[in-house]
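Step one of this worksheet: look at the structure below.
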Amino acid sequence: MDVDEKTAPSSECDGIVYYFCSEGCRDKFLKETVCKFPRTSYDLIIIGGGPAGLTAAVYAAQLKMDAFLITRDLGGQAIDSTKVENYMGYDFITGPELIEKFQYQLIHSHYIDHLINEVEMIEVVQDGFSVTTSDLNKYSSRVLIVGSGMTRRKLNVPGEEEFQRKGVFYGNIQDLSFVQGEDAAVVGGGNSALQLVENLKMVARNIHLISDGKLTADKVIIDRINLCTNLHIYEGHKVVGLKGGKTVSSITLRKMAGMEPHEIPVKGVFIAIGLTPNSHLVSDLVELNEKGEIVIGSDCSTSRPGLFAAGDVTNAYGKRIIIASGEGAKAAMAARRHILELRRATA
Ligand SMILES: Cc1cc2nc3c(=O)[nH]c(=O)nc-3n(C[C@H](O)[C@H](O)[C@H](O)COP(=O)(O)OP(=O)(O)OC[C@H]3O[C@@H](n4cnc5c(N)ncnc54)[C@H](O)[C@@H]3O)c2cc1C
């Protein structure tokens, strides 16, 4: 959330001036502690600020847990969804609008300490877990919730790395203007790829949709995109490379091995070919399935006591905002139960 230092309510504490997004937020800060000293030890650390991690954080605050959220960003994948039509309470809301509401709930109503940073390592220590961030700071907790979600898969073809952000994008809505009035390619056949087509249809001159198999998106979206007059669909085509100078100028496809490649001039290529779970941080600590997802029980527990996981990084059925949020809530409740059990055992 942006805070303008000129107009924001502020408070000085130990020589440091803190700025707040509202009077309510400042009052809460002043009421909860006289001054915020950076702490390194908590009962619970939550990793990830997508729907799973943010919901776990709100639940942890409501359950009055001593909790700390560490995340690379506040929002996760949901921020890239332009049309959320399946979240209860809203017939239609954009991902960024929904995430703003989640953030507001966390910061204004159910505050917990949080840090925007990348977690580099998780280790098991005597009384729980040690979490190292990219600035090499270490934080410890008795219990951990991993809600690190998924990351977009790459094509791994020549030109993809060279033209990163110079015509090669992975579906962020902000990047669409790069192809204003020009031709663009979308690679993928699922809901994310077809959502991109829907967003590009008023922006790009021609859209080339390339999928290595049949389109797999929901039928309702396929029906909608079939009405686009500037869309050209290439099912069963593989991308073999991207060419250009300073930026992308064409994409090369091949229908089948051995067939002649086919080059299409485009200004931008939007890649939406699926996601891989961000489970590498705990791959040595908990059981993963063949897809690399963290295997969880019905209470979000993993094969390691004290380590819970929620959302897209797990094998929970359904990769959806509402499911990740529900799992985050469950993980926080289960984490609290575990902390109470640990306390009882050592009392
Ligand atoms: C383009 C697009 C459109 C979508 N549309 C819809 C839709 O309409 N409806 C719907 O229900 N779902 C939709 N989804 C799916 C939905 O967004 C996901 O199911 C949901 O966001 C999963 O939430 P999550 O919290 O489990 O993971 P994520 O949203 O992936 O969040 C993971 C969080 O963990 C953080 N993280 C990862 N690794 C680290 C690390 N090492 N250190 C610190 N932080 C880390 C990330 O920064 C992020 O904040 C869409 C997804 C995409 C990509």
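The values are calculated or read from the model by the stated rules, or taken from the named source; none is laboratory data. Keep in mind it's a predicted model, so treat the numbers as computed, not measured. Here the Cβ is made from the backbone with ideal geometry for all residues, glycine too, and neighbour counts use every protein chain on show.
Values computed for the structure shown
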{"quantity": "Subset of segment 175-224 [without any contact (Cβ under 8 Å) to a residue 12 or more places away in the chain and away from the ligand (no atom under 16 Å from the Cβ)]", "calculated": "Met202, Asp223"}
{"quantity": "Given (1) touching a Phe, Trp or Tyr at 6+ places or on another chain (Cβ under 7 Å); (2) assigned to a helix (DSSP H, G or I); (3) hydrophobic (A, V, I, L, M, F, W, C), index of the condition Leu340 fails", "calculated": "(1)"}
{"quantity": "Matching residues, segment 264-292, being surrounded by fewer than 20 Cβ atoms within 10 Å (Cβ to Cβ) and not hydrophobic (A, V, I, L, M, F, W, C)", "calculated": "Pro265, Gly274, Thr276, His280, Ser283, Asp284, Glu287, Asn289, Glu290, Lys291, Gly292"}
{"quantity": "Total residues in segment 59-103, condition more than 30 Å from Arg343 (Cβ to Cβ), assigned to a loop (DSSP other than H, G, I, E, B) and not acidic (Asp, Glu)", "calculated": "13"}
{"quantity": "Residue match in segment 252-274 (condition: within 17 Å of Phe129 (Cβ to Cβ), within 23 Å of the chain's Cα centre (by Cα) and β-branched (Val, Ile, Thr))", "calculated": "no"}
{"quantity": "Residue in segment 151-195 that is surrounded by the most Cβ atoms within 10 Å (Cβ to Cβ), counting only those that are out of contact with any Ser or Thr (no Cβ under 7 Å at 6 or more places or on another chain), among the charged types (D, E, K, R) and under 17 Å from Ser250 (Cα atoms)", "calculated": "Asp183"}
{"quantity": "Candidates Leu231, Leu227, Leu253, Leu242 - the one that is surrounded by fewer than 18 Cβ atoms within 10 Å (Cβ to Cβ) and either assigned by TED's automatic domain parsing to the domain that holds Thr82 or more than 16 Å from the ligand (Cβ to nearest atom) (or both)", "calculated": "Leu227"}
{"quantity": "Any strands (runs of 3 or more DSSP E) falling wholly within segment 214-285 and containing at least 3 residues that are modelled with pLDDT of 95 or more", "calculated": "231-235, 238-244, 248-254, 262-265, 268-271"}
{"quantity": "Members of segment 301-334 found to be over 24 Å from Tyr90 (Cα atoms), in contact with a strand residue (DSSP E or B) (Cβ under 8 Å, 6 or more places away or on another chain) and either near the ligand (Cβ under 9 Å from one of its atoms) or part of a loop (DSSP other than H, G, I, E, B) (or both), listed by number", "calculated": "Thr302, Arg304, Gly306, Val313, Thr314, Asn315"}
{"quantity": "Tally, over segment 103-118, of residues that are more than 10 Å from the ligand (Cβ to nearest atom) and either at pLDDT 95 or above or of a type outside the set (A, V, I, L, M) (or both)", "calculated": "9"}
